[in-house]
1. To the nearest 10 degrees, how steeply does helix 25-37 sit against the main Cα axis of the chain, on a 0 to 90 scale?
2. Can you tell me the 0 to 90 degree angle between the C-alpha axis of helix 89-107 and the longest principal axis of the chain, rounded to 10?
3. Taking every pair of distinct Cα atoms and averaging 1/r, then inverting, what Kirkwood hydrodynamic radius in Å comes out for the chain?
4. Before rounding to the nearest 500, sum -39500 (n - 2.57) across all DSSP H runs of length at least 4 in the chain and divide by the residue total; then give [θ] at 222 nm in deg cm²/dmol.
5. Keeping to pairs on different chains or 8 or more places apart, tell me how many lysine pairs in the chain have Cα atoms under 25 Å apart.
6. For the chain, set up a GNM with springs between Cα atoms under 10 Å and report which of Thr15, Thr73, Thr82 has the largest fluctuation.
Amino acid sequence: MTSRANVTIKSRGETINASGTGNGPVNAIDTALRSGLEKIYPELKKLELTDYKVRILEGRHGTGAVTRVLVETSDGNGEWNTIGVHENVIAASAMALEDAVTYGLLRQGKKPE
């Protein structure tokens, strides 16, 4: 089974539409995000998602529960964690991935716009 994601990114005054496929929705979002941004920020090729964890914060709410997503990323010189929190696990994952990419660029001396 393969998942597909389409993302619209605004960076440096430019709107970029990108798509990606992956072994699940989060991997597909990560692939789409990178494929769109690597044109502007080739430094993103150094980043690697090394761990992904989901925790349910309000389990008594069933499928409406708030989820926390923890993403661990590496650039070969260090690792960092980013977090997304939302009722929708895909939205929480996208938040954590966006922060991971932003922080990765900042670590490399780039100012994401």
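1. 20
2. Around 30 degrees separate the two axes.
3. Numbers: mean 1/r = 0.0690 Å⁻¹.
About 14.5 Å for the chain.
4. Numbers: 2 runs with 32 residues, N = 113.
So the calculated ellipticity at 222 nm is -9500 deg cm²/dmol.
5. Value for the chain: 12.
6. Thr15
Since every read-out is calculated from the coordinates, none of them should be taken as a lab result. Just so you know, these numbers come straight off a predicted model, no measurement behind them.
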